[in-house]
Amino acid sequence: MPTETKKTMQIGIPRAMSYYNYFPFWYGFFEAMGIDIVISDKTTKQTMSQGSSLVVSETCLPIKVYVGHILNLLEKGVDTIFVPSIQSIEHKIYNCSKIRGLPDLIRNVVKKDFTIIEATLDKSEKNHGLYDFLKEAVAPFGITDEKRIKAASKEGWKVLNNFKIMLNSGLSFEKALNYAKKGQVVISNNQKTYPINVAVLAHSYNLFDDRISMKIFDKLEKLDVRAYTAEQLSIEQLQEGISSLGSKLYWANEYEMTGGAGHFLQDNNIDGIITINAFGCGPDSIMVERISRAARKFNKPVLNLSVDEQTGEAGFITRIEAFTDMLFRKKRASIINKININENAKHEPSTTKESQHR
Ligand code: SF4
């Protein structure tokens, strides 16, 4: 009699968009549910061009990249792909319409035969919180046991929390993720003092995708510049950052951009701000404008880097080099200025009480 082999459950996860915020959670959760995960390959020029070819040219770069990752998973033979619709992450705090409508967008542009797992997370809707979202995510696999789902979600939180602790300490995204997947927590102990410190602000899916951000962290390190990100701040610091700029939290993405900017603009240790925004992103253009205006008040230089699929690495590097060079010169001038003030103070005639009453 032929032996019946149990079909393994498998889910494809595109290495784009919410991957950069929540993959540690998905990893812990799906692993605990006994569902194998296949991740798409890292973004390449081909990922971008294939994704771009299926959407209208005005679409923002991260969505084009996301479409490219779906195609990559299909090429790998994965026929069940997780495309969550993350509507809101807090009460009345929404994602942009493209993130919210991601499953519909993918269904309409990728005309291939595959199953989309399209769970919806909407914290603004009563009865549509995390557990409903997770139940929707595993229902297509025939899993309905709530106890099992809750236990698996605890595993998800464990991996995500460990990952955040490490990212917060300054460990790179890749390293933090690799340790978190192994259940380890390793804290960065980079004691090096850098002459220049900058804050790099962008959505996680732009910042940590090496093709989109052109490995900006490696480039800054080579220039002897230390990079800080909003991911290293607590939620309280980000909220304070938003209100310090007189803004209100509306977009979910405000935390990463406006919150980070509000905090780092007030940090005397930070010499300048670099923003990376995707061409075609409406929320980004509003936030970057707001950050640039606030930076003028704080007298902090800002470099705005706008990226699309045509952005060349050479131009990107030149702009970063020119910006950091200006920061070095500004800092040197300020140090020389302080020395001169101190020297002049030493040589000024001292005012005695006697001379004052003369
Ligand atoms: S926030 Fe901007 S970059 Fe992100 S999906 Fe929406 S439009 Fe695209």
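Observations on the structure shown:
- Members of segment 38-63 found to be over 22 Å from A202 (Cβ atoms) and among the β-branched types (V, I, T), listed by number: V38, V56
- Here I273, I291, I286 are screened, and the one residue that is over 14 Å from the mean Cα position of the chain (by Cα), among the aliphatic types (A, V, I, L, M) and not in a helix (DSSP H, G or I) is I273.
- When T318, T275 are screened for being more than 16 Å from the ligand (Cβ to nearest atom), hydroxyl-bearing (S, T, Y) and at pLDDT 85 or above, only T318 passes.
- Counting only helices (runs of 4 or more DSSP H) that sit completely within segment 1-93, those holding 2 or more residues that are within 20 Å of T115 (Cβ to Cβ) correspond to 19-32, 61-75.
- Taking (1) touching a strand residue (DSSP E or B) at 6+ places or on another chain (Cβ under 8 Å); (2) part of a helix (DSSP H, G or I); (3) closer than 21 Å to G262 by Cα in turn, S306 satisfies each apart from (2).
One line per residue, one yes/no per condition, for (1) within 27 Å of Q87 (Cβ to Cβ); (2) small (G, A, S); (3) away from the ligand (no atom under 16 Å from the Cβ); (4) not assigned by TED's automatic domain parsing to the domain that holds F298:
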residue: E174; (1), (2), (3), (4): no, no, yes, yes
residue: V186; (1), (2), (3), (4): no, no, yes, yes
residue: N197; (1), (2), (3), (4): no, no, yes, no
residue: K248; (1), (2), (3), (4): yes, no, yes, no
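- Close pairs (8 angstrom Cβ cut-off, 6 or more residues apart or separate chains): not assigned by TED's automatic domain parsing to the domain that holds S57 in segment 275-301, aromatic (F, W, Y) and away from the ligand (no atom under 16 Å from the Cβ) anywhere: P301/F323
- Filtered residue count, segment 225-253, keeping only those that are assigned to a helix (DSSP H, G or I) and without any contact (Cβ under 8 Å) to a residue 60 or more places away in the chain: 11
- Flag not set for I116, criterion: among the hydrophobic types (A, V, I, L, M, F, W, C) and either in contact (Cβ under 8 Å) with a residue 60 or more places away in the chain or part of a helix (DSSP H, G or I) (or both).
- Single residue of S188, S124, S153 found to be hydroxyl-bearing (S, T, Y), part of a helix (DSSP H, G or I) and either modelled with pLDDT of 95 or more or over 25 Å from D36 (Cβ atoms) (or both): S153
Listed here are the residues, each with its yes/no results for (1) away from the ligand (no atom under 16 Å from the Cβ); (2) closer than 20 Å to T59 by Cβ; (3) buried (at least 17 other Cβ atoms within 10 Å of the Cβ).
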site: Q239; (1), (2), (3): yes, no, yes
site: S243; (1), (2), (3): yes, no, no
site: Q266; (1), (2), (3): yes, no, no
site: D284; (1), (2), (3): no, yes, yes
site: N299; (1), (2), (3): yes, no, no
site: S306; (1), (2), (3): no, yes, no
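The values are calculated or read from the model by the stated rules, or taken from the named source; none is laboratory data. This is a predicted model, so every value here is computed, not measured. Cβ coordinates were reconstructed from backbone atoms using ideal geometry, including for glycine residues, and neighbour counts include every protein chain displayed.
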